[in-house]
1. Out of L37, L10, I need the residue that is aliphatic (A, V, I, L, M) and touching a Leu at 6+ places or on another chain (Cβ under 8 Å). Which one?
2. So which helices (runs of 4 or more DSSP H) are wholly in segment 8-89 and hold at least 3 residues that are closer than 27 Å to V108 by Cα and modelled with pLDDT of 95 or more?
3. Of all residues in segment 36-46 being surrounded by 14 or more Cβ atoms within 10 Å (Cβ to Cβ) and in contact (Cβ under 8 Å) with a residue 24 or more places away in the chain, which is farthest from the chain's Cα centre (by Cα)?
4. Going through segment 50-65 one residue at a time, which ones are out of contact with any Pro (no Cβ under 7 Å at 6 or more places or on another chain) and surrounded by fewer than 14 Cβ atoms within 10 Å (Cβ to Cβ)?
5. Filter segment 9-35 for residues that are of a type in the set (G, A, S) and over 15 Å from the mean Cα position of the chain (by Cα); which is surrounded by the most Cβ atoms within 10 Å (Cβ to Cβ)?
6. Restricting to segment 71-109, give me the number of residues that are free of Cβ contacts under 8 Å to residues at least 24 places away in the same chain and not small (G, A, S).
Amino acid sequence: MQTIAFAVPLPADKKERFLKFAQLLRNERNADFRRFLERLDTVEENWFLQPFGEMELFICYLAAPDLQAAFGKLASSQHPFDKWIKQENKEIFGMDFESPSDDPMPEVLLQCKVEPIHSHSW
């Protein structure tokens, strides 16, 4: 499984729109969002809002078997919901997922996963 996390500044004048967008995806459009992730073969997506000095950062964590393929599917998708997701991201953050950046993916510096220890009470 490949994972990625990236952070982008949330423009102060877009915060209210972003919060409404996130609320829609958590509630009324959650089933659509889950189908969207399935179309991209993405197994997990988590969003965070992190205060950082005078600004706030939007942090996104993704997990998929093949992240490059997932971003490729997103770029080429013409599904109405996917197009809406891309448009919202473009208007809020200025990210154009139909024309992916040539910038390298974030470098993974540390990954550590610990399996929970199950104790038996006899």
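The values are calculated or read from the model by the stated rules, or taken from the named source; none is laboratory data. Computed from a predicted model, the values in this text were never measured in an experiment. Quick reminder, even Gly has a Cβ in these numbers, built from the backbone with ideal geometry, and neighbours come from all protein chains shown.
1. L10
2. 30-39
3. Filtering segment 36-46 for residues surrounded by 14 or more Cβ atoms within 10 Å (Cβ to Cβ) gives 36-37, 39-40, 42-43, 45.
Checking the rest, the ones that are also in contact (Cβ under 8 Å) with a residue 24 or more places away in the chain come to 36, 39-40, 42-43.
Numbers: F36: 12, R39: 14, L40: 12, T42: 10, V43: 11 Å.
Restricting to residues being surrounded by 14 or more Cβ atoms within 10 Å (Cβ to Cβ) and in contact (Cβ under 8 Å) with a residue 24 or more places away in the chain, the top hit is R39.
4. Answer for segment 50-65, where residues must be out of contact with any Pro (no Cβ under 7 Å at 6 or more places or on another chain) and surrounded by fewer than 14 Cβ atoms within 10 Å (Cβ to Cβ): Q50, P51, F52, G53, E54, Y61, P65.
5. A12
6. So the answer is 15.
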